[in-house]
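Coordinate-derived values only; no laboratory data. It should be emphasised that the depicted structure is a prediction, and the values quoted were computed from it without experimental measurement. Cβ placement follows ideal geometry from the backbone for every residue including glycine, while neighbour counts extend to all protein chains displayed.
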2 protein chains.
Amino acid sequence: MRLTTKGRYAVTAMLDLAIHAGKGPVSLADISERQGISLSYLEQLFAKLRRNELVRSVRGPGGGYQLNREQQGINVAQVIDAVNESVDATGCGHTGSCQDGSICLTHHLWCDLSSQIHDFLSQITLADLMERSDVRTVAKRQDREHLSSFEDSLISAKVTA
Amino acid sequence: MRLTTKGRYAVTAMLDLAIHAGKGPVSLADISERQGISLSYLEQLFAKLRRNELVRSVRGPGGGYQLNREQQGINVAQVIDAVNESVDATGCGHTGSCQDGSICLTHHLWCDLSSQIHDFLSQITLADLMERSDVRTVAKRQDREHLSSFEDSLISAKVTA
DNA sequence: CAATAACCAACTATTTTGGTCAACTATTAA
DNA sequence: TTAATAGTTGACCAAAATAGTTGGTTATTG
């Protein structure tokens, strides 16, 4: 089992998407700026999120990504699963062939741990996260620090005019 | 955070040690045979376990390793920590500087998850594991399949005689 | 003294992570 | 219709971590 930046990035990006929903699709470039995640890496992650039908994409100018369901319908475990970071703590993938065909001494311990983690993460939805005060605070800070590409283009339009 | 064979091997080996305690020190060669873990890799893991005072060693013939405390005094979290597999799910090591000096959008989520996992694992002692029926079953199978080096030497002594 | 088994250091193969780069396709605004 | 935007795909890459191996040394016991 592993939980590295891959899974964390995916959850963070999905939460960013949830927070900035409502004003049309959100571009990966905006998420990249706000969350400090490389654009090309985000592309890879969102390809997987799309294949798992957690998001849908809109191409062309003004395009970007949108959540494919309501925020209450998406939980953290699903997002992590989607980017292939299994929350499985066993070495055998629950098959029980950890030691030449049979189960190893600690097989059931890792099974128990796996369901513990999965239960915890699957009970937390994007909607839950959005309501948290610490999340709202950080989101406000990020919005202040990074204008979206939309606002950006408005400003350069003014400057040009 | 990561939980790979390293942490699993460490817990498995410690449990093997607990199960075969009472008949003097247990050699790494025996653990290697029974649990199917490479001897030299075990050496590296036990160096760390010893530095963390979870085991003590006895050198020379008939030597090996022993638990440094009672089985109830050693929990799974301690063993995993000892081999440097942190059960920390945050990217910043709880410092809160995940995004250029400030906390990232999902910092508190990973903190919560970390303590969830740590609480779970620290409540399970080696003594608890030994009582489990699935552990006892697997241990019996392993003892049947692999004679200890002690029993082995008894047999070869008979053959020689 | 010889066998045993812990101890130690250095090296290696493989996998995973976290990316980059280039080429391509679909959409829309001018 | 054409340029710009933005997603899509695949190949590639460097660094780090994992899971070892090799080749010793030191301490202990029979």
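In chain B, helices alone account for a calculated mean residue ellipticity at 222 nm of -17000 deg cm²/dmol, with every DSSP H run of four or more residues adding -39,500 (n - 2.57). For chain A, a simple Cβ point-charge model (Lys and Arg +1, Asp and Glu -1, everything else neutral) yields a dipole of about 500 debye relative to the Cα centre. Just tell me the longest site-free run in chain B, where the sites are GluC sites (Glu not before Pro) in a DSSP loop having at most 13 other beta-carbon atoms within 10 Å. Counting at most 13 other Cβ atoms within 10 Å as exposed, the longest clean stretch of chain B is B:71-161. For chain B, the percent of C-alpha pairs falling in each 10 Å distance bin, counted from 0 to the bin holding the largest distance, reads 10, 34, 30, 15, 8, 3, 1, 0.
When chain A is turned onto chain B, the axis of that turn runs closest to one Cβ of chain A, and that residue with its distance in whole Å is A:ARG2, 2.
Extending 7 Å from Cα along the Cβ direction at A:GLN66 and again at B:SER57 yields two label points whose distance is 6.3 nm. With the gyration tensor restricted to C-alpha atoms of the protein assembly as shown, the semi-axes of the equivalent ellipsoid amount to 51, 18, 16 Å, longest first.
Working from Cα pairs under 8 Å separated by at least six residues, relative contact order for chain B is 27 percent. With label points defined 7 Å past Cα in the direction of Cβ, position B:GLY73 shows copy-to-copy spacings of 5.6 nm, given to one decimal and shortest first. Remark: label point of B:ALA47 defined 7 Å out from Cα along the Cα-Cβ vector; separations to the same position in other copies 4.0 nm, ascending. Sorted from closest to farthest, the other copies place their B:GLY60 label points 8.5 nm away, with each point set 7 Å from Cα along Cα→Cβ.
For B:LYS48, the aspartates and glutamates whose Cα comes closer than 12 Å to its Cα, not counting residues fewer than 8 places off in the same chain, are B:ASP81, B:GLU85.
Basic side chains Lys and Arg get +1 at the Cβ, acidic Asp and Glu get -1 at the Cβ, and with that the dipole of the protein assembly as shown about its Cα centre reaches some 360 debye.
The overall shape of region B:76-118, judged from the alpha-carbon gyration tensor, is oblate: a/c is not under 1.5, and a/b is no greater than b/c. Partner shielding of B:91-102 amounts to 2, given as the average count of beta-carbon atoms from other chains within 10 Å of each residue beta-carbon. Taking the C-alpha atoms only, the angle from helix A:5-19 to the longest principal axis of chain A is near 50 degrees.
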